[in-house]
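Bear in mind that the values in this text are calculations on the coordinates, not laboratory data. Bear in mind that the values here come from a model prediction, so they are computed numbers and not experimental data.
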């Protein structure tokens, strides 16, 4: 047996990636493709829209609304929804500890070290769902804004698509649970009967 034949017999076989590893690799490729299409005006717009759900902006909006008698109920519901969602997203971030996308992908400074789930997306979806009980006409535009925020977090390169999907799920779940707890009469009327 020649040396070349011997070396070929010792070559490692290609490693098969697990489903989870393939999903993560797909997630990373998808984000890289998305950030390649960035444009200056759209980047500015996405930064501005996402800024609406920064914690300081949310706290300020809720505080201002508390001083307007017609908006106290809305402010209370929004405050509870956002506090519950933020706490849950924070706990999941600390448990999972997924690193942010590489720095060269960022078009905006990330708010913290961890990426999974997207707190901005969770807050946006939670607020939209919570508004169905107090201001139903405001809920559909807020849902559209939540989708834009989720897209914006990926567009700005600070979250992977899976982070945004998990944030949306957390927001939808917490918003729905709070809506059911806060508005049992309305929620039970809309449930299908079997």
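Put simply, the Cα atoms of the stretch 22-83 extend 49, 30, 16 Å along their principal axes, the longest span coming first. From the Kirkwood radius over Cα pairs of the stretch 13-190, Stokes-Einstein at 37 °C and 0.692 mPa s returns a whole-number translational diffusion coefficient of 193 µm²/s.
Full extension of the chain between residue 76 and residue 54 gives 6.1 nm of extra length, using 0.36 nm per residue less the Cα-Cα distance. For the stretch 36-152, averaging the sequence separation of C-alpha pairs within contact (under 8 Å, six or more residues apart) and dividing by the residue count gives a relative contact order of 29 percent. Note on residue 68 and residue 176: the extension gain reaches 36.3 nm, defined as 0.36 nm multiplied by sequence separation minus the Cα-Cα distance. The gain in end-to-end length when the residue 42 to residue 26 segment is fully stretched comes to 3.3 nm, 0.36 nm per residue minus the alpha carbon separation.
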